[in-house]
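Every number here is computed from the coordinates shown, using simple stated rules; none is lab data. Only a predicted model underlies this, so the values are computations on that prediction, with no experimental measurement involved. Here the Cβ positions follow ideal geometry from the backbone for every residue, glycine too, while neighbour counts run over all protein chains shown.
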Amino acid sequence: MAASFAMQSTVASSLTCRQSMKKTMNHYYPAQLQRSSSMKVRCMVEDNKKNSVSSSSPPPQPQPLSTPPPPPKPKVSTKFSDLLAFSGPAPERINGRLAMIGFVAALAVELSNGQDLFDQIGNGGIPWFIGTSVVLSLASLIPLFKGVSVESKSEGIMTSDAELWNGRFAMLGLIALAFTEYVKGGTLV
C-alpha cells in the first residue's frame with residue numbers, strides 16, 4: 001500500500017514538473033519555426049523494362065541469393081610490444097593468473113603453517129614468487145607469439161571473460177588479504 005502511494009506520488013510529481021517546465025520553455029523560447037506549405041518533395045521511378053507481355057512464357061523465377069563468404073578473421077599481432085602493450089592481451093591475463101595462484105597459495109600456507117602473508121614473503125617466498133612468475137609468463141606468452149588468441153580456445157563455462165573476471169577478483173583478494181592482515185597484526189584465519 002505504501003509502495004503504491006509512493007509510486008503514485010512520484011509519477012504525479014514528475015508529470016506536474018514536466019508541465020511546468022513545458023510552460024516555462026514556451027514562455028522563454030516561443031516557437032519561431034513554422035512549417036512551409038509551399039515546399040513539396042516528389043519522387044519518380046524510372047522504368048527501363050518494356051511493357052510487352054507474352055502469354056506463352058512463364059513468369060521469371062527469382063534467383064536464390066547466395067550468402068556472402070564469412071569475413072576473414074583479423075590477424076593477431078605477434079610482436080612483443082603489441083602483446084605486452086597496456087591494452088594488449090598479455091598483461092592483465094598474466095597478472096590475473098599469478099594473482100589466482102598467489103591467493104590460493106597464500107591461503108593454503110596460512111591454513112597449514114599459520115603464517116601470515118608478510119611472514120610467507122619474508123621466509124623464502126620471494127624465490128617461489130619469481131620462479132612462478134617466470135614460468136607462468138612464458139607459458140602464457142608462447143601461444144600468443146604463435147598467433148593463437150585466448151578467445152579461440154574458450155568454450156563452455158571456461159571462457160576468456162570468466163578467466164579475466166576471476167583474475168580481477170583474485171587481485172582484489174590478495175590486496176584485501178594483505179591489508180586485513182596488516183591492520184589485524186596477524187593471520188586472517
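The table below lists the values:
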{"read-out": "Summed residue charge, Cβ within 9 Å of L117's Cβ, Lys/Arg positive, Asp/Glu negative", "value": "-4"}
{"read-out": "Modelled FRET efficiency - R0 25 Å, I157 with L188, Cβ distances, 0.05 increments", "value": "0.30"}
{"read-out": "For L177, L164, order by how many other beta-carbon atoms lie within 10 Å, fewest first", "value": "L164, L177"}
{"read-out": "Cβ-placed point charges (K, R +1; D, E -1), dipole of segment 80-184 about Cα centre in debye, nearest 20", "value": "160"}
{"read-out": "Bins of 10 Å from zero: percent of alpha-carbon pairs in segment 80-184", "value": "13, 41, 30, 15, 1"}
{"read-out": "Under 16 Å from K146, Cα to Cα: aspartates and glutamates that are on another chain or at least 8 residues apart", "value": "D82"}
{"read-out": "Average Cα contact separation per residue, segment 80-184, under 8 Å, 6 or more apart, as relative contact order %", "value": "44"}
{"read-out": "Ranked list, fewest to most other Cβ atoms within 10 Å of each Cβ, for S77, S140, S112", "value": "S112, S77, S140"}
{"read-out": "Difference of contour (0.36 nm per residue) and Cα-Cα distance, S81 to D119", "value": "10.1 nm"}
{"read-out": "R0 of 35 Å, Cβ-Cβ distance L138-S112: FRET efficiency to nearest 0.05", "value": "0.80"}
{"read-out": "Sorted by Cβ neighbour density within 10 Å, fewest at the top, the residues R93, R168", "value": "R168, R93"}
{"read-out": "Spatially proximal aspartates and glutamates relative to K184 (Cα-Cα < 19 Å; intrachain offsets below 8 disregarded)", "value": "E110, D116, D119"}
{"read-out": "L172-I126 pseudo-label distance in nm [points 7 Å out on the Cα-to-Cβ vector]", "value": "3.1"}
{"read-out": "Residue-count net charge about S140 - beta-carbon cut-off 13 Å; Lys, Arg +1, Asp, Glu -1", "value": "+2"}
